[in-house]
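The values are calculated or read from the model by the stated rules, or taken from the named source; none is laboratory data. Computed from a predicted model, the values in this text were never measured in an experiment. We place every Cβ from the backbone using ideal geometry, glycine too, and count neighbours over all the protein chains shown.
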Amino acid sequence: MVSRRTFSVASVTTAAAALLPRAVAASDAPKGVFPVQKSDEEWKSSLTKEQYYVLRQHGTERAFTSPLDKTYAAGEYHCAGCGSLLFKSDTKFDSRTGWPSFFKPVENAVGTTTDRSFFMTRTEVHCATCGGHLGHVFPDGPPPTGQRYCMNGVAMKFVPKADAPAVSDKGDSKS
Ligand SMILES: [Zn+2]
């Protein structure tokens, strides 16, 4: 026997948007629907303060503060928000700007919007998977693309190239 308990939970408000922090740059923040979606609270708890500031609030880390700026080891750069592969080390170059710079992202890994904050028109770059803000792209990069993807190191995680998946031969499984 199913008792009709009609609890109308109509208190779910959609007015939360009105409470968004004003700190977000008045630019075209990526508005698309991204495969990875989290609430603001979830992002806050899963990211460091710095990561949250850059990825979710469109912030910029201070120049020359990221260890990734001077990293040139072979490996991959993944989104600190969702782990997606964004850049490979063979597209990285020294832009001398103080931010990790690349001339080309991994295909379909990033998206762009027009950023008109700070009285400039720049092209904002974000992760195509979670929408997290990564940095900007400028048309003054080196060949072959002529693009300079100026990224916040804190928005990425560097994964060194693992020469052969773990050389520990202690296991008995010969792959
Ligand atoms: Zn991401």
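Worth pointing out:
- Residue within segment 90-98 that is modelled with pLDDT of 95 or more, of a type in the set (A, V, I, L, M, F, W, C) and within 26 Å of ASP40 (Cβ to Cβ) present: no
- The residue that is nearest to the ligand (Cβ to nearest atom), counting only those in segment 94-111 that are surrounded by 16 or more Cβ atoms within 10 Å (Cβ to Cβ) and hydroxyl-bearing (Ser, Thr, Tyr), is SER101.
- Among residues of segment 122-159, those that are within 14 Å of the ligand (Cβ to nearest atom) and among the hydroxyl-bearing types (Ser, Thr, Tyr), counted: 1
- Of all residues in segment 101-119, those that are more than 13 Å from GLN147 (Cα to Cα) have Cβ atoms under 8 Å from Cβ atoms of residues that are aromatic (Phe, Trp, Tyr) and surrounded by 18 or more Cβ atoms within 10 Å (Cβ to Cβ), 6 or more apart or on another chain, in VAL106/PHE87; ALA109/PHE87; VAL110/TYR149.
- Among residues of segment 125-153 that are farther than 14 Å from ASP69 by Cβ and assigned to a loop (DSSP other than H, G, I, E, B), those with a beta-carbon under 6 Å from a residue that is of a type in the set (A, V, I, L, M, F, W, C) and more than 12 Å from the ligand (Cβ to nearest atom) at least six positions away or on a different chain give the pairs GLY141/PHE103; PRO142/PHE93; PRO142/PHE103; THR145/PHE103; GLN147/PHE103; GLN147/VAL137.
- Hey, THR91 within 15 Å of the ligand (Cβ to nearest atom), without any contact (Cβ under 8 Å) to a residue 40 or more places away in the chain and among the polar types (S, T, N, Q) or not: no
- Breaking point among (1) at positive phi; (2) away from the ligand (no atom under 13 Å from the Cβ), for GLY83: (2)
- Near pairs, Cβ below 7 angstrom, 6+ apart or cross-chain, from segment 54-71 (within 18 Å of SER117 (Cα to Cα)) to any residue that is assigned to a loop (DSSP other than H, G, I, E, B) and β-branched (Val, Ile, Thr): VAL54/THR60; GLN57/VAL24; HIS58/VAL24
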